[in-house]
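Structure first, then comments.
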Amino acid sequence: MKFSEMPYTRPDQGEMLSSIEAITARFDAAADADAALDAVRELDKLSSHYQTLGSLCYVRNTINTKDPFYKAERAFWDQAEPLMSEKLQVFNEHLLASPFRPQLEQALGSLYFKNVELSLKGFSPAIIPLLQEENELTSAYQELYASARVEFDGKICNIAQLGPYKQSPDRAVRKAAVEAEGGFFDAHRAEFDELYDKLVKNRTAQAKALGFDSFVELGYIRQMRNCYDAAAVANFRRQVVEELVPITVSIKESQARRIGVTDFKFYDQTFSFPDGNATPKGTPEELLALAKQMYTEMSPETAEFIDMMFGMELFDLVAKDGKAPGGYCTSFPDYQCPFVFSNFNGTSDDVDVLTHEAGHAFADYVAARKISFSGMRSPTMEGCETHSMSMEFLTSPWHHLFFRDETKKYQLAHAEDALIFIPYGCMVDHFQEIVYSHPELTPEQRNEEWAKLEKMYRPYLDFADLPFYGRGAGWQRQLHIYQYPFYYIDYCLAQTAALQFWVASMKDPADAWQRYLAFVEQGGTKTFVELVRSAGFISPMDDGCIASISASVCQWLKENEIE
């Protein structure tokens with residue numbers, strides 16, 4: 001079935017909730033472990049169905065945020081999902097207290113029960129109104145962001161469509177594009193500040209209601225940190241500042257020499273080569289055809305995957321008016337398929353999407369066929385991001401299809417960006433830790449904290465007198481800070497694993513692919529640290545990990561520098 005043919009009907013909220021209650025009653029009445037397990041699997045199937053409907057609504061709303069039908073449906077799910085969570089958590093309480101728990105743990109895995117215990121710590125019926133309000137606020141942020149209409153170069157652009165201008169060989173154009181982008185955020189400064197202020201207060205109230213000192217603790221629970229804590233993350237960030245930030249400074253110095261500037265500014269950072277950045281060659285349709293060729297040649301598993309993606313039309317990639325910002329991959333469990341959403345804008349980011357989001361999609365495709373219980377198909381988010389970020393590198397032998405004679409430029413910039421990203425991602429995480437540890441901060445004080453962190457994690461940047469960025473508000477462009485608190489460090493941890501897959505692939509491509517496939521096939525049956533170690537790699541939580549990875553990548557950068 002094609003995506004356009006997948007039916008969507010708003011579920012009856014009362015029926016949705018009562019059906020979960022009925023399964024809970026059957027679970028309680030189970031005479032033996034087999035009957036209890038049947039109830040667990042029945043609820044898993046029902047939850048997957050509601051997830052499918054919610055995902056269909058979300059995708060269609062983000063494709064066109066102006067569509068009144070799906071805007072109303074999104075509002076329904078914003079209210080309904082916390083109510084459904086309440087019923088599911090009641091079931092989980094009964095699951096943990098079941099006399100058949102030993103047999104159920106043997107069937108489902110002890111990690112599943114550990115995750116359930118975590119989820120229960122992060123929920124109470126008392127916070128349902130706050131959860132509903134939080135959903136409304138994040139939807140409002142996404143709608144506000146998507147409303148951007150920026151006049152530039154005789155056109156009306158959204159934020160994604162400004163991307164090519166920010167990579168222009170003409171420095172004045174780069175600066176003007178960044179100023180135009182910042183102008184939108186400045187024009188809506190009060191709205192962005194108010195939305196975040198409400199979100200911080202809301203999430204802090206949730207944490208207090210659940211007995212936590214701050215939302216930092218609750219944020220870690222919501223992200224299912226089941227194998228490390230805030231101290232481990234702080235240690236990771238420390239290593240990044242000490243070991244990696246000096247390297248990123250030298251990378252930016254090399255970039256400045258390449259592009260011929262002596263006063264490197266913020267608007268220069270995405271421009272890597274004097275004759276222009278590498279750009280994909282072809283229309284969106286042609287790039288998709290090349291992606292199909294790439295995954296068909298890559299392995300039998302990816303060939304089957306890409307055939308399904310095309311056959312079911314599971315892509316929406318081109319930036320257009322009213323479309324939500326960013327890119328993502330979600331899934332429709334009823335159809336055992338993922339969906340990839342993005343905003344193509346003619347830059348190398350378009351190919352990054354075809355590898356990154358397709359990495360998520362491939363992992364979803366594999367897990368749906370390897371793991372019958374959907375509750376264990378997906379690892380925690382660092383594991384999921386390892387799927388996607390590793391795919392960006394494992395597809396290296398096919399990058400020439402998209403970039404032709406600019407392939408070396410693309411691969412050099414991509415490798416540099418991989419290292420440069422990690423300090424930025426740590427900065428996003430560190431900022432959120434500060435904000436939620438001090439929810440009393442004013443909007444101006446938050447900006448001041450961000451500006452301080454810029455000097456720690458990206459000391460090579462000069463914001464000069466740029467609007468928006470110059471006043472320390474650049475964090476408002478990062479949608480994760482509003483929508484998915486404490487998610488961003490997952491990308492950093494995943495990047496350390498992805499770079500290890502890349503280094504392994506340069507030594508033995510076949511072995512690296514088999515390790516990656518095994519990583520994906522395990523789904524969520526192991527913790528992130530266990531998954532990384534099962535692939536034969538160093539955990540990001542281990543001292544020395546950053547130094548080791550940086551040394552390997554720096555050697556490659558040295559050998560592949562383009563003067």
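Ordering Met309, Met381 from largest to smallest accessible area (1.4 angstrom probe), what's the sequence? Spell out each step's value before the answer.
Working: Met309 0, Met381 60 Å².
The ordering from most to least exposed comes out as Met381, Met309.
Peptides 122-132, 427-437: what's the order by average Cβ count within 10 Å, highest mean first? Write down the numbers at each step before the final one.
On the way: 122-132: 17.3, 427-437: 21.5.
Top of the packing list down: 427-437, 122-132.
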Between the range 211-247 and the range 88-150, what is the separation of their alpha carbon centroids in Å? 20
Within the range 371-391, name every residue whose backbone N is under 18 Å away from a label modeled 7 Å from Cα of Arg26 along the Cβ vector. 373-375
How far apart, in nanometres, would the label points at Gln106 and Lys2 be if each is projected 7 angstrom from Cα along the Cα-to-Cβ direction? 5.0
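Considering only the chain, what is the antiparallel percent among its DSSP beta bridges, to the nearest 5?
Working: 8 of 11 bridges.
Given both bridge residues lie in the chain, the antiparallel proportion sits at roughly 75 percent.
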Fully extended, how many nm does the chain gain between Glu143 and Phe421 (0.36 nm per residue separation, minus their Cα-Cα distance)? 97.4 nm
One point scatterer per Cα, no solvent, Debye formula: log10 I(q)/I(0) for the range 438-523 at q = 0.17, 0.21 Å⁻¹ comes out as -0.83, -1.03
Expressed as a whole percent, how much of the Cα-Cα distance distribution for the range 283-426 exceeds 28 Å? 17
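Between exposed trypsin sites (Lys or Arg not before Pro) in the chain, where DSSP calls loop and at most 12 other Cβ atoms lie within 10 Å, what's the longest gap?
Working: sites that count: Lys2, Arg149.
The longest such stretch corresponds to 150-563.
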Percent of Cα-Cα pairs more than 22 Å apart in the range 2-83, please. 36
Starting from the 7 Å offset along Cα-to-Cβ, what nm value, one decimal, do you get for the label separation of Ser124 and Asp508? 5.3
With all protein chains present, calculate the accessible area of Cys227 using a 1.4 Å probe and round the result to the nearest 10 Å². 50
Here are some values of semi-axes √(5λ) of the Cα gyration tensor in Å: (1) 65, 29, 21; (2) 37, 27, 25; (3) 45, 28, 20. Which one was computed from this structure? (2)
If R0 is 51 Å, what FRET efficiency do you get for Ala289 and Thr442 from their C-beta distance, rounded to 0.05? 0.50
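Step by step: find N for the range 37-85, compute 2.2 N^0.38 Å, then divide the Cα radius of gyration by it. What's the final number? Don't skip to the end; give the middle numbers.
Numbers: Rg = 12.9 Å, N = 49, 2.2 N^0.38 = 9.7 Å.
The range 37-85 yields a ratio of 1.34.
Could you sort Leu290, Leu314 by their accessible area in this structure, using a 1.4 Å probe and putting the largest first? Write down the numbers at each step before the final one.
Details: Leu290 35, Leu314 0 Å².
Largest accessible area first, the residues go Leu290, Leu314.
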Normalised by the number of residues in the range 1-78, what is the relative contact order in percent for Cα pairs under 8 Å and 6+ residues apart? 25
As I understand it, the value is the acute angle between the Cα axis of helix 33-63 and the longest principal axis of the Cα atoms of the chain; what does it come to in degrees, rounded to 10? 40
Let me have the 222 nm mean residue ellipticity of the chain computed from DSSP H runs of 4+ only, each contributing -39500 (n - 2.57), with the sum over all residues rounded to the nearest 500. -21000 deg cm²/dmol
D (µm²/s, integer) via Stokes-Einstein for the range 342-480, Kirkwood Rh across alpha-carbon pairs, 20 °C, 1.002 mPa s: value 121
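Provide the FRET efficiency to the nearest 0.05 for the Asn560-Lys281 pair, computing r from the beta carbons and using R0 = 25 Å.
Values: r = 21 Å, r/R0 = 0.83.
For Asn560 and Lys281, the calculated efficiency is 0.75.
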Cα centroid separation - the range 503-563 against the range 30-48, whole Å: 38
Taking a 1.4 Å probe, which of Cys554, Cys492 shows the most accessible area, and what order do the others take after it? Cys554, Cys492
On Cα atoms only, tilt of 110-121 relative to the major axis of the chain in degrees: 90
How tilted is helix 489-507 with respect to the longest principal axis of the chain? Cα atoms for both, answer in degrees (0 to 90, nearest 10). 70
Chymotrypsin sites (Phe, Trp or Tyr not before Pro) lying in DSSP loop within the range 128-204, provided at most 10 other Cβ fall within 10 Å: none
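The values are calculated or read from the model by the stated rules, or taken from the named source; none is laboratory data. Predicted model only: the values in this text are computed from it and were never measured. Ideal geometry is used to build each Cβ from the backbone, glycine not excepted, and the neighbour counts take in all protein chains shown. We work out accessible area using only protein heavy atoms, side chains counted, and drop any ligands, DNA or RNA first. Shrake-Rupley method; radii C 1.70, N 1.55, O 1.52, S 1.80 Å.
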